[in-house]
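Student: Pasting a structure here, questions to come.
Throughout, read-outs are computed from the coordinates displayed, never taken from laboratory work. Nothing here was measured: the structure is a model prediction, and the numbers come from that model. Heads up, the Cβs are rebuilt from the backbone with ideal geometry, glycines too, and the neighbour counts pull from every protein chain shown.
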Amino acid sequence: MLVNLKTILEGTRKDARAVGSFNIYSYETIHGVAAAVKKSGKDAIISFGASYLVNMSLKTVVAIVKEVADELEQNVALHLDHCTDINIIKNAIDAGFTSVMYDGSSLPFEENVKNTKLVCDMAHEKNVSVEAELGSLALGEYSNETDIDHGQAYTDPSNAKEFVERTGVDALAVSIGTVHGMYKAKPNIRVDILKAIAKEVSIPLVLHGGSGTPQELLLECIDNGICKINVNTEISQYTVKKIAEKIAEEPNTHLSKLTLLTSDYVSEIVYKYIDLFNNCK
Ligand code: 13P
């Protein structure tokens with residue numbers, strides 16, 4: 001069933017568990033996430049980055065996701081990831097997305113507050129949830145999010161409470177040392193900053209840059225207020241490697257078979273994360 005982000009994250013902080021948010025770019029990747037949801041019996045967030053509008057239109061994404069969500073017993077939210085353009089956010093809400101992320105992380109605090117509040121007012125009227133970001137992530141290796149590389153800036157815990165109160169946002173993405181993409185050096189995840197933010201803010205906290213983050217650190221973050229974890233690069237890395245192996249093994253594989261296998265590979269890596277996030281205690 002298709003629900004909004006607020007619904008899917010309900011109770012997650014209390015239960016110390018996280019819902020995985022998986023980036024999709026095609027029919028095959030949507031079906032891969034849906035298969036992992038079905039196999040695990042757990043909810044998940046299907047996340048479409050505004051930068052992937054070159055791959056699929058908003059309407060196409062909504063049509064495919066609605067079809068797969070209708071066939072699932074679990075809850076699925078359809079989320080617009082990292083969007084700096086309020087017009088695209090409006091189009092996503094009109095098209096049927098149930099959640100949007102306004103990314104004002106590169107803006108001065110007051111401007112981020114003003115724009116995020118505007119998006120919240122517009123989205124909440126249609127029962128669509130809003131995620132926003134305070135602080136920004138560095139860019140790691142193999143990431144596709146080059147357009148949102150604002151450099152590393154840790155979230156200031158003292159701003160977080162004011163930001164949430166003034167905007168009415170449903171979930172807050174925090175910057176505590178994860179990177180978009182794979183790590184170039186040993187990760188330095190500041191759980192102390194996360195704890196300080198969690199003390200100030202009771203809404204679900206979001207961790208971007210899940211790929212390559214050591215499992216024990218992800219679990220520690222979940223224990224300390226992270227309720228949504230985004231994974232993108234690793235889905236691509238894993239799937240492309242498996243496709244390359246398949247082609248090396250059977251160079252004449254028909255494309256129709258390869259598209260089905262793509263969904264299977266996506267499902268394998270997504271399942272790994274859903275399982276991790278839900279058995280964290
Ligand atoms: P990774 O590519 O590091 O998994 O990050 C994904 C992400 O945060 C999408 O918003």
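Student: Among Asn87, Asn115, Asn230, which one moves the most in a GNM of the chain with springs linking Cα atoms closer than 10 Å?
Tutor: Asn87
Student: At R0 = 25 Å, how high is the FRET efficiency between Ala244 and Asp275 if r is their beta carbon distance? Nearest 0.05 is fine.
Tutor: Values: r = 25 Å, r/R0 = 1.00.
For Ala244 and Asp275, the calculated efficiency is 0.50.
Student: A further question follows. Binning every alpha carbon pair distance of the stretch 234-281 at 5 Å from zero, what are the percents per bin?
Tutor: Binned Cα distances yield the sequence 5, 20, 26, 19, 13, 7, 5, 3, 1, 0.
Student: Ok, one more. For the stretch 143-158, just list the computed ³J(HN,Hα) in residue order, Karplus coefficients 6.51, -1.76 and 1.60, θ = phi - 60°, integers in Hz, with x standing in for Gly and Pro.
Tutor: With the stated coefficients, the stretch 143-158 comes to 6, 9, 9, 5, 6, 10, 7, 9, x, 6, 9, 4, 5, 8, x, 6 Hz.
Student: Which value, in Å³ per residue, describes the convex hull spanned by the Cα atoms of the stretch 16-102? Working shown, then result.
Tutor: Working: hull volume 7.4 nm³, N = 87.
About 85 Å³ per residue, rounded to a whole number.
Student: Follow-up question, since we're still on this one. Taking the number of other C-beta atoms within 10 Å as the exposure measure, put Asp264, Asp170 in order starting with the fewest. Spell out each step's value before the answer.
Tutor: Numbers: Asp264 14, Asp170 23.
So the residues, fewest neighbours to most, are Asp264, Asp170.
Student: Separation of the stretch 206-229 and the stretch 1-46 by C-alpha centroid, Å?
Tutor: First find each Cα centre; the distance between them is then 15 Å.
Student: A further question follows. Between Lys59 and Glu200, what FRET efficiency follows from the Cβ-Cβ distance if R0 is 30 Å, with the result rounded to 0.05? List each step's numbers first, then the result.
Tutor: Working: r = 39 Å, r/R0 = 1.29.
With R0 = 30 Å, the Cβ-Cβ based efficiency is 0.20.
Student: Now a separate question. Within a Cβ distance under 12 Å of Tyr238, other residues only, what is the Lys/Arg minus Asp/Glu net charge?
Tutor: Values: positive: Lys241, Lys242, Lys272; negative: Glu234, Glu245, Asp264, Glu268.
Net local charge, Tyr238 excluded: -1.
Student: In addition: Set the Förster distance to 35 Å, then compute FRET efficiency between Leu118 and Ala16 from the Cβ-Cβ distance, nearest 0.05.
Tutor: Numbers: r = 33 Å, r/R0 = 0.94.
That pair, Leu118 with Ala16, gives E of 0.60.
Student: Can you check how the C-alpha radius of gyration of the chain compares to 2.2 N^0.38 Å, as a plain ratio? Could the numbers behind the result be given before it?
Tutor: Values: Rg = 17.7 Å, N = 281, 2.2 N^0.38 = 18.7 Å.
In units of the 2.2 N^0.38 Å rule of thumb, it is 0.95.
Student: For a quick check of your reading of the filter: which trypsin sites (Lys or Arg not before Pro) in the stretch 18-107 sit in a DSSP loop and have no more than 10 other Cβ atoms within 10 Å? If you can, show how the numbers build up before the last one.
Tutor: Working: sites: Lys38, Lys39, Lys42, Lys59, Lys66, Lys90; in loops: Lys42.
Those that pass, being in a loop and sparsely packed, number zero.
Student: Another question about this same structure. Give the value in nm², to one decimal: projected area of the alpha carbon convex hull of the stretch 174-281, averaged over all directions.
Tutor: Details: hull surface 31.7 nm².
Over every viewing direction, the Cα hull of the stretch 174-281 projects on average to 7.9 nm².
Student: Next up: Give the long-range amide H neighbours of Val130: residues separated by 5 or more places, or on another chain, with amide H under 5 Å away, using H modelled in the peptide plane at 1.01 Å from N.
Tutor: Correct list: Val100, Asp170, Ala171.
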